[in-house]
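Data block below; observations after.
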Amino acid sequence: MTQPERLAIAMDWGGTWMRVAVVDWSGAIRWHKRRNNPKDKGKDSLLAAGLELLRQAVGACSSHPVAGIGLAIAGPVDAEAGALSGSPQFPALEGVPLKALWEPELGLPIFLGNDANLAALGEYHHGAGQAVTDDEGQLVRTLVYATVSTGIGGGVVDRGELLLGAHGLAAEIGHMAIDWRPDAPPCFCGSQGCLESIASGTAIARAARQRRLEPRWRHSTSLSGLAEEAVTAPAVFQAAQAGDLLASQMVEEVVQALSVGLASVLHLYDPDLLVLGGGVTQGLADLAKLPEIQRRMRVRVMSDGYRQCPLVPAKLGDNVGLVGAACLVWQRLDAR
Ligand SMILES: [Zn+2]
């Protein structure tokens, strides 16, 4: 009789919702469920909601043995302590040892990672990273994933291994400063001029809300007709699509900021594949701007090795964090 297949449980925990899934070895999602975070965002209610969702996932595995649980969490994670470390999304969970709390409750090993890092791992093993990079059938060696969304995060996978850094904080691409001037936009991290403070969805919306009030744009941009909360990054992309001059100029600035930032990423990590995900990437792709980002990025790099790196959209969509969290389980258990 063959053994029942082992499955992994994955959780993707963002600022507004949590999702859990049962994932098999091939990266396929067998079952999933999503719920909003409790409104009060308090420690006890967040922990209770997370644990309850994980229990449901364990139940959904029925007769299959569960190898372990991977948690992809928004914000910096101390993987060794199994706790969050300075996440702006979860101030109530700062330093809470999720691994130590939940392992005895669920009777399964738990592994934590930053969501963008794990997304990189997911794309490497089951997404864009499965493409070959040259005529000889060479598989991707070094993949950099950047999510350009509400914020900007990143992850680096080199020959199958995540680059974590000494504290699990490596590859914070969004907080690479690209504007040093004293009036550069402020960033939530406390610095200013970070890529995230210029090219993230939050930054685009903030800049559009300010700039539509400027005398030169007030009467000419369609963004002036929108209510404050309707001025979002998707609204800016839509206006650019319709030929709005302010929105087009803003998209041009985002393209330039990403080109400059990603050229630095090429110099730092020397990837043979650069993968872009997230809602802002989707908006730029809809405007056919990804080739332009790649062209400008290539103009800025030092040698041909960097120029050969393709820039491609992510393949796993909303599932990327879940698939990556499952990869972490397989990888950690293998390494034991
Ligand atoms: Zn920053």
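Nothing in this text is a laboratory measurement; each read-out follows from the coordinates by a stated rule. Since the model is a prediction, treat every value here as computed from it, not as a measurement. Because the Cβ atoms are built from the backbone with ideal geometry, glycine has one as well, and the counts that use them run over all protein chains shown.
A few comments on the model shown:
- The stretch 77-176: Cα Rg divided by the 2.2 N^0.38 Å rule of thumb: 1.22
- Per residue, the convex hull spanned by the Cα atoms of the stretch 119-250 measures out at 154 cubic angstrom.
- Part-to-part distance (alpha-carbon centres) for the stretch 284-336 and the stretch 227-262, which is given in Å: 22 Å
- For the chain, the relative contact order is 20 percent, taking Cα pairs closer than 8 Å that sit 6 or more residues apart in sequence and dividing their mean separation by the residue count.
- Simple point charges give the picture: +1 on the Cβ of Lys and Arg, -1 on the Cβ of Asp and Glu, and for the chain a dipole about the Cα centre of about 600 debye.
- In the chain, the DSSP beta bridges split such that about 55 percent are antiparallel, to the nearest 5.
- Under-5 Å amide H pairs with Gln192, H placed in peptide plane, nonlocal only: Cys187
- Value of Rg to Rh for the stretch 265-336 (Rh from inverse mean 1/r over Cα pairs, i.e. Kirkwood): 1.08
- 29 Å Cα-Cα threshold exceeded, pairs from Lys289/Lys315; Lys39/Lys99; Lys43/Lys315; Lys41/Lys315: Lys43/Lys315; Lys41/Lys315
- For the stretch 131-314, the dipole from Cβ point charges (+1 on Lys and Arg, -1 on Asp and Glu) about the Cα centre works out to 560 debye, to the nearest 20.
- With R₀ set to 25 Å, the beta-carbon distance separating Ser62 from Ile29 gives a calculated FRET efficiency near 0.95.
- Excluding same-chain neighbours fewer than eight residues apart, the aspartates and glutamates reachable from Lys33 by a Cα-Cα span under 17 Å are Asp12, Asp24, Glu52, Asp318.
- Estimated FRET transfer efficiency when R0 is 30 angstrom, pair Lys41-Asp134 (beta carbons, to 0.05): 0.05
- Put a plus charge on the Cβ of each Lys and Arg, a minus charge on the Cβ of each Asp and Glu, and nothing anywhere else: the dipole of the stretch 10-81 about its Cα centre is then about 340 debye.
- Among 5-12, 211-218, sorting by the average number of other beta carbon atoms lying within 10 angstrom of each residue, highest first, gives 5-12, 211-218.
- Protection proxy ranking of 134-144, 236-246 - average other beta-carbon atoms within 10 Å, highest first: 236-246, 134-144
- Rough spin-label spacing in nm, given labels placed 7 Å along Cα→Cβ, for Arg295 and Glu229: 4.0 nm
- Virtual spin-label span in nm between Ala184 and Ala81, 7 Å along Cα→Cβ: 2.9 nm
- Across the chain, the fraction of Cα-Cα pairs farther apart than 36 Å, rounded to a whole number, is 23%.
- A dipole drawn for the chain from +1 and -1 charges on Cβ atoms has a positive end, and of Leu101, Pro88, Ile173 the residue lying farthest that way is Pro88.
- Relative contact order [Cα under 8 Å, 6+ residues apart], the stretch 131-314, whole percent: 23 percent
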